[in-house]
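In what follows, a structure is listed as structure tokens, so that the remarks can point back to it.
The values are calculated or read from the model by the stated rules, or taken from the named source; none is laboratory data. Since we're looking at a predicted model, the values are computed, not measured. Cβ coordinates were reconstructed from backbone atoms using ideal geometry, including for glycine residues, and neighbour counts include every protein chain displayed. Note: areas computed on protein heavy atoms with side chains; ligands, DNA, RNA excluded. Shrake-Rupley method; radii C 1.70, N 1.55, O 1.52, S 1.80 Å.
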Amino acid sequence: MTSHPSSSAPLAVVTGGSGALGTAIRSRLTEEGWRIIATYRTRPPEPVPAEGHTTWVRFDAADDTSTGALREAVTAQPGRLHAVFA
């Protein structure tokens, strides 16, 4: 069982995190102890308690409000951003 990553764990953004590929990427990163900011476009995913540390953000690149929300979510995390999966 993977414990929740600490604030010093690497941080990744996974766009389309609720899709098939995004879910696979999130699972792998969670196993490795990463903190994740995952995005969805139309519908928030169902919460999964054993998923590790994932912050969900609604994101549409054509919408300035959602791009600002993603930027704020990244900025709110301690440390620096280590990877972006798009």
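Of note:
- Per residue, in Å², the accessible surface of the chain once ligands and nucleic acids are set aside, probe 1.4 Å: 64
- Local electrostatic count, D60, Cβ distance below 14 Å [Lys/Arg +1, Asp/Glu -1]: +2
- Taking all Cα pairs closer than 8 Å and separated by 6 or more residues, the relative contact order of the chain comes to 35 percent.
- Among the protein heavy atoms of the chain, carbon and sulfur supply 54% of the accessible surface, probe 1.4 Å, non-protein parts ignored.
- Globularity index of region 9-86 is 1.00 (Cα radius of gyration / 2.2 N^0.38 Å, N = number of residues).
- Computed from Cα positions, the angle between helix 64-76 and the longest principal axis of the chain comes to roughly 30 degrees.
- C-alpha long axis of helix 20-31 to longest principal axis of the chain, angle in °: 40
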